[in-house]
1. In Å, what Rg and Dmax follow from the Cα atoms of the stretch 48-167?
2. What distance in nm separates the simple spin-label points at Glu139 and Ser3, each placed 7 Å from Cα in the Cβ direction?
3. Which far-off residues, 5 or more places away or on another chain, put their amide H under 5 Å from the one on Gln2, with H placed in the peptide plane?
4. Taking every Cα atom in the chain, find the radius of gyration and the maximum pairwise distance Dmax, and write them in Å.
5. Once neighbouring chains are kept in place and the probe is 1.4 Å, which whole percent of the accessible area of the stretch 1-125 is contributed by carbon and sulfur?
6. Excluding Ser18 itself, what net charge comes from residues whose Cβ is under 13 Å from its Cβ, given Lys and Arg +1 and Asp and Glu -1?
7. For the stretch 41-80, what is the Kirkwood hydrodynamic radius in Å, using each pair of distinct C-alpha atoms?
8. From zero up to wherever the largest Cα-Cα distance of the stretch 1-47 sits, split into 5 Å bins and tell me the percent of pairs in each.
Amino acid sequence: NQSDIHYAMPVRIMSGDSANYHNQWRKIAKIHKEHKDLTGMEFLSGFSKEDKLTPVSTIVVYFGADPWDGPRCLKDMLDLKGLPQEMIDFIGDYPINLLEVRNFSDYEIFQSDFKYVCGFLQRDRDANALQMYLAENEEQFKNLAEDAFQLIDNYSNFGHLLETRELYQTETGGIDMCKAIEDMIENGKQMGIELGMERGLEC
């Protein structure tokens, strides 16, 4: 999960994935060493021709409001100026799997409440659009899973709802997001009225 753009993300992801593969290899080599079942080149490798590693795939889930303008692959971070294309083609690349939550148009494909997190965050800076979205999905938002609620609380324009989440917990353990947002908007209006009265009195 990323709330901010990371301008070295390809190297960060590549390092993590590589470390995972390295650890898998070392564990397999340790087992072979204990069983003393390798000879020749396989013994030197600590890895037989039949051994396989478990695939690793890292996904960057970006919740930030600004469009991702960071590198999307290793070559985006490299200084390739002056190199002939033939040489550039020999340089290994490492693309990242990036999910921009606020710009991902196909969020309906998700089967969990994460699709409602995406829908909410894509509208949290437009009050009218957000109210329409909540109304269209009222059944889901009246009993939103707590982990989905926490994501909205952490990354939306309506932060700090967790401080009062007990007020909106449903009988099944979910969160009534509709009521929470309704109260927040109402409290915001009241704060605006009170602030206006204070400024009036100051004048």
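1. Here Rg and the maximum Cα pair distance are 20.2, 63 Å.
2. Between Glu139 and Ser3, the label points sit 3.4 nm apart.
3. Counting only residues 5 or more places away or on other chains, the set is Val61, Tyr62, Phe63.
4. Considering the chain through its Cα atoms, Rg and Dmax are 25.3, 90 Å.
5. 54 percent
6. My count for the surroundings of Ser18 gives +1.
7. Numbers: mean 1/r = 0.0683 Å⁻¹.
Result for the stretch 41-80 stands at 14.6 Å.
8. 5, 19, 18, 14, 11, 9, 8, 7, 6, 2
The values are calculated or read from the model by the stated rules, or taken from the named source; none is laboratory data. This one's a predicted model, so the numbers in the text were calculated from it and none came from an experiment. Ideal geometry is used to build each Cβ from the backbone, glycine not excepted, and the neighbour counts take in all protein chains shown. Accessible surface areas use protein heavy atoms only, side chains included; no ligands, DNA or RNA. Shrake-Rupley method; radii C 1.70, N 1.55, O 1.52, S 1.80 Å.
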